[in-house]
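Step one of this worksheet: look at the structure below.
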Amino acid sequence: MSIAEKAFLGTLMKAEYLLKDSVIAPEQLESTRHKEIMRRMLEYTRAGKNIDLITLTTVPDLDSLGGMSYLSELYSYADLERFDGMEKIILDLWKEREKRNILTLAAMNDWEIAKVIGELEKINQLKMDDHTSLQQALLAIYEAPWEEPMTQSSVTTGIKKLDEVTGGFQNGEVTILAARPSMGKTDVMLHFAKISGWAGYLPLVFSLEMPQKLLTSRLMASTGSFNRKKMRDPKRMLNENQKNIWSDVIGALHETHMQIFDGSGQTVAEMRAKTRKMIHQFPHKKPIIFIDYLTLIHSSQTSGGNSHHQVTEISKSLKTLAKDFDCPVICLAQLNRSVEYREDKRPMMSDIRESGSVEQDADVILFLFREKYYVKESENHSLEIIVSKNRNGPVGIIAVDYNEKTGRICDDKAYNHPFV
């Protein structure tokens with residue numbers, strides 16, 4: 001029996017919410033026993049019952065499903081992070097079986113070529129949720145010339161001029177935020193994450209380098225305007241005014257519902273599984289995904305050590321992630337050293353480390369530049385956000401105030417919140 005089917009059913013027992021999302025129908029499983037187990041799962045779910053291992057052992061004819069031992073075996077195959085891959089394997093195997101069945105029927109019944117091709121095409125076009133008839137699409141825009149335009153589904157960046165240029169973070173789009181080390185990437189990402197949380201989104205931060213504890217400290221420092229050095233010993237180093245607002249800062253950050261995943265070497269598939277889980281924990285919130293950073297994402301394929309191929313695969317996976325969940329994905333990226341050898345230190349597309357297809361796949365590419373990073377005696381404390389690529393709008397440079405001691409990004413109240 002297919003191991004993919006065992007792992008698929010075992011994972012459904014472990015994470016019941018996946019059953020509602022799954023594109024697999026019982027009829028697409030190969031094993032008769034597996035078909036029946038999935039049918040029982042669907043019946044139980046419709047009846048409002050759980051489909052965990054313990055509940056399934058109460059079915060009346062347990063022996064016909066293989067008994068407790070077989071259900072336990074299925075559960076042992078559960079693998080939440082590879083669930084999407086299992087679905088693909090099961091669908092691919094089902095398609096192959098269906099094709100063979102069609103060719104057998106065609107030979108037995110002497111079908112015309114056109115009919116054979118038509119039946120095969122139906123299988124190949126299986127993707128269940130990507131169909132829109134032109135009639136539906138036209139109906140949706142029928143009243144457009146007489147209606148007020150609907151506000152586009154996007155989330156503010158918290159930086160007014162950046163919103164004007166990019167329209168904010170758009171659902172289904174990938175934004176790359178790239179800079180040299182210590183330029184302020186993580187602070188800008190955390191600013192975007194806080195703002196999106198306060199705006200009602202669900203910020204999911206995948207921090208592949210910085211531990212949760214340090215990220216939390218940075219969030220407290222930037223939100224409360226606390227010097228980062230003081231965060232090492234708040235009791236001794238914070239003044240009374242800062243201590244008095246400490247709980248207010250915690251309350252404000254609590255409102256964001258930000259979720260932090262700080263495991264190193266995560267794959268996009270693992271991020272997908274965790275995102276799916278969070279969507280079911282917060283069903284009324286749209287996720288927005290932040291990843292720090294690109295070349296630390298672990299490739300799920302063997303690329304023979306070719307980092308260029310790995311980044312290309314990861315870049316395409318991020319775009320698929322954004323489209324499948326219809327949410328914004330913001331991924332940080334490092335720049336190579338070539339920028340250091342130029343007179344003008346402002347980054348360019350070619351400076352993205354192991355760029356692969358990043359330039360092509362990303363919808364928006366932002367670079368960060370601070371003059372003070374290179375000229376220590378400079379009085380210019382601004383941080384330039386360089387919009388180098390913008391698939392749906394103009395490019396340009398936006399300057400914001402940046403306090404490198406606290407990590408705070410200041411703007412002219414693009415988003416109305418007491419701690420912005």
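The values are calculated or read from the model by the stated rules, or taken from the named source; none is laboratory data. The structure displayed is predicted, hence computed values, not measured ones. Please note: Cβ atoms are built from the backbone with ideal geometry, for glycine as well, and neighbour counts cover all protein chains shown.
The figures follow:
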| item | result |
| --- | --- |
| Condition broken by Tyr75, with the remaining ones in (1) surrounded by fewer than 16 Cβ atoms within 10 Å (Cβ to Cβ); (2) in a helix (DSSP H, G or I) satisfied | (1) |
| Residues (under 21 Å from Gln281 (Cα atoms) and either in contact with a Gly (Cβ under 9 Å, 6 or more places away or on another chain) or in contact (Cβ under 8 Å) with a residue 40 or more places away in the chain (or both)) located in segment 253-265 | Leu253, Glu255, Thr256, His257, Met258, Gln259, Ile260, Phe261, Asp262, Gly263 |
| Residue in segment 1-55 that is farthest from Gln281 (Cα to Cα), counting only those that are assigned to a helix (DSSP H, G or I) and polar (S, T, N, Q) | Thr32 |
| Selection count where residues are under 20 Å from Val155 (Cα atoms) and of a type in the set (Lys, Arg), scope segment 189-233 | 1 |
| Residue in segment 179-187 that is over 28 Å from Lys323 (Cβ atoms), within 22 Å of the chain's Cα centre (by Cα) and assigned to a helix (DSSP H, G or I) present | yes |
| Residue in segment 95-111 that is of a type in the set (A, V, I, L, M, F, W, C) and within 21 Å of Leu19 (Cβ to Cβ) present | no |
| Of the criteria (1) touching a Leu at 6+ places or on another chain (Cβ under 7 Å); (2) surrounded by fewer than 14 Cβ atoms within 10 Å (Cβ to Cβ), which one Glu36 fails | (2) |
| Residues within segment 271-316 that are under 10 Å from the mean Cα position of the chain (by Cα) and either modelled with pLDDT under 80 or of a type in the set (Gly, Ala, Ser) (or both), tallied | 1 |
| Yes/no for Leu204 being in a helix (DSSP H, G or I) and either under 26 Å from Asp326 (Cα atoms) or among the hydrophobic types (A, V, I, L, M, F, W, C) (or both) | no |
| Complete set of residues in segment 192-250 that are exposed (fewer than 14 other Cβ atoms within 10 Å of the Cβ) and of a type in the set (Ser, Thr, Tyr) | Ser247 |
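Residue-by-condition table, conditions (1) within 31 Å of the chain's Cα centre (by Cα); (2) assigned by TED's automatic domain parsing to the domain that holds Glu270; (3) under 23 Å from Glu270 (Cα atoms):
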| site | (1), (2), (3) |
| --- | --- |
| Gly10 | yes, no, yes |
| Glu16 | yes, no, yes |
| Leu19 | yes, no, yes |
| Gly67 | no, no, no |
| Tyr77 | yes, no, yes |
| Trp94 | yes, no, no |
| Ala107 | no, no, no |
